[in-house]
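Quick note: the coordinates plus some simple rules give every number you see, no bench work behind them. Worth saying up front: this structure is predicted, and the values here are computed from it rather than measured. Because the Cβ atoms are built from the backbone with ideal geometry, glycine has one as well, and the counts that use them run over all protein chains shown.
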Ligand code: F6P
């Protein structure tokens, strides 16, 4: 048994859960009409309502005691001061510096001047591309940007450029290629003109197989469709921490945008990895994105925990995962432009907190990160909400929506939000037997039909949701929302005593794929694996 699950704060929460779980969420609302006032928090343009979570004041007090027991205040200070809290990689985790102002040192070197230098480089470059001062090899202006990267070198920029589509500048279309599956690159390049296409090769390590393979194929396409070796310098730029690998690939270091090992891949959109964002929406909007995140950083670092949005979001997640035993978490944006937000959070949360070993090297005896997934509303309502309402598992969900739409089309936005409010209400309250009986009776069903339909029409309710409303999805608010979730993940990692900044779990598959690729290139039958893997490989070889 770990000290965490034996600790007084943990045991008190367990006892509290046994008592509180006897009460339906509907009863909590009936007993206390002030739940919204008591359990909603706001910061700038963001409102978070936790009232539809199974919590009382006592829950919050006990969760805060757990946070203090796990030394959350000192961990926040350690992260913000640049301490090497990524202990397995001996690195600081300083994404907050990328959007900050305060001087910070890493290994005795002041990093703020470096951050500002690269931001200025991004600014000059994006203005030059947008204004046409920097052009392609035929002197035509660039019309298309193809970002080649994967994981954190893809998901953040894709998610943000999609979410900020209303801010996209005319004349430049961003494209993203991540998958090693040749279809993505082929389909992207099919309609593009090499003379007007700029490639951004984005890889922290510059060793990632998918990215380098796609980058090589893109270069080949460029050379076979009109570009020459000398023109590569005009059409290919790199974003990386690995200067020598960038040079080896054939990109002039003058065309490289640097970042640093203290920026984790899934925390990197604030660095030069955000270059496609700046190219698509302009550097001013990129600065606003940083400013929004910085304001959330300040809120996180200085606000008492009971009013602290990321702290409370993280602790409510702990309450669900560790005390109610939930293992999935749905992210449901009621905003089509946020359609990649769930995928972005999937990497942020699952790669950070999908761990079973503590900072001290012990196997945990408690649950850690949930399975995160989701789709925009209302689409999800016509797909998987059936399970959310009437399935056997409880899946806590975050509902997110802007109050104002960028697309004021007739009644669409009101209808969208009506669905948001209806779904969270339905999940909380459900529809009990008595209500269903009355409804069916009013439809004049005969007794036999009524009894047959009755159990199918009951909604148990008591399904927890957190609602996040914000005024408008502008760059600043989006920056704040992303930082909110980054810090939520950090809060949970501190409670679980795990390192959220490494990702050793991605290594084994990569190693094995390297070995298997060699086997796929040979004509011989493969027998070096288990029977299933041998069988599958040999079937593929016979049928490729
Ligand atoms: O394989 C996982 C991972 O290392 C992620 O953490 C990272 O975001 C992604 O691969 C891409 O890595 P890189 O930017 O080094 O190409």
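Data overview
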{"read-out": "Paramagnetic reach from residue 452 in segment 407-440 [backbone N under 18 Å; point 7 Å along Cα→Cβ]", "value": "437, 440"}
{"read-out": "Label-point gap, in nm, between residue 336 and residue 109 - each point 7 angstrom along Cα→Cβ", "value": "4.6"}
{"read-out": "Exposure proxy order (Cβ contacts within 10 Å, fewest to most) of 196, 525", "value": "525, 196"}
{"read-out": "Normalised convex hull volume, segment 1-58, alpha-carbon set, Å³ per residue", "value": "107"}
{"read-out": "Convex hull volume per residue for segment 164-232, taking Cα atoms only, in Å³", "value": "117"}
{"read-out": "Computed log₁₀ I(q)/I(0) - Debye formula, equal Cα scatterers, no solvent, segment 241-366, q 0.13 Å⁻¹", "value": "-0.82"}
{"read-out": "Angle between the chain longest axis and helix 475-496 axis [Cα atoms, degrees, rounded to 10]", "value": "70"}
{"read-out": "Over segment 311-428: Rg over Rh, Cα atoms, Kirkwood Rh", "value": "1.03"}
{"read-out": "Sequence-separation-based contact order of segment 100-218, relative, with Cα cut under 8 Å and 6+ spacing, percent", "value": "29"}
{"read-out": "Reference-scaled alpha-carbon Rg (2.2 N^0.38 Å with N residues) for segment 367-454", "value": "1.42"}
{"read-out": "Cα coordinate range in the chain, projected on the principal axes (Å, largest first)", "value": "79, 60, 59"}
{"read-out": "Among beta bridges that DSSP assigns inside the chain, antiparallel share in %, nearest 5", "value": "30"}
{"read-out": "Relative compactness, segment 427-541, computed as alpha-carbon Rg over 2.2 N^0.38 Å", "value": "2.07"}
{"read-out": "Projected area averaged over orientations for segment 86-225, convex hull of C-alpha atoms, nm²", "value": "10.4"}
{"read-out": "Zero-based 10 Å bins, Cα pair distances in segment 43-105, whole percents", "value": "17, 30, 33, 20, 1"}
{"read-out": "Kirkwood Rh (inverse of mean 1/r, distinct Cα pairs), segment 95-171, angstrom", "value": "15.2"}
{"read-out": "FRET efficiency estimate (nearest 0.05) - Cβ-Cβ, residue 187 to residue 216, R0 22 angstrom", "value": "0.80"}
{"read-out": "Segment residue 431-residue 445, extension gain: residue separation times 0.36 nm, minus the distance between their alpha carbons", "value": "3.2 nm"}
{"read-out": "Full-stretch length increase - residue 83, residue 512 - with 0.36 nm per residue and alpha-carbon distance subtracted", "value": "151.0 nm"}
{"read-out": "Fewest-first ranking of 210, 349, using other Cβ atoms within 10 Å as the exposure measure", "value": "210, 349"}
{"read-out": "Segment 449-506: Cα Rg divided by the 2.2 N^0.38 Å rule of thumb", "value": "1.98"}
{"read-out": "Cβ-based exposure ranking for 366, 344, 485, in which fewest neighbours within 10 Å come first", "value": "366, 485, 344"}
{"read-out": "Ellipsoid equivalent to segment 1-140 - semi-axes via the Cα gyration tensor, in Å", "value": "46, 25, 13"}
{"read-out": "Percentage of interatomic Cα-Cα distances in segment 225-287 larger than 17 Å", "value": "50"}
{"read-out": "Cα long-axis angle, helix 447-457 against the chain (0 to 90 degrees, to the nearest 10)", "value": "40"}
{"read-out": "Volume per residue of the C-alpha convex hull in segment 342-390, rounded to whole Å³", "value": "77"}
{"read-out": "Alpha-carbon gyration tensor eigenvalues x 5, square-rooted, for segment 293-335, Å", "value": "23, 16, 7"}
{"read-out": "Modelled FRET efficiency - R0 51 Å, residue 8 with residue 205, Cβ distances, 0.05 increments", "value": "0.75"}
{"read-out": "Dimensions in Å of segment 154-269 - Rg and Dmax from alpha carbons", "value": "14.2, 39"}
{"read-out": "Two-decimal Rg to Rh for segment 100-141 - Kirkwood Rh, Cα set", "value": "1.27"}
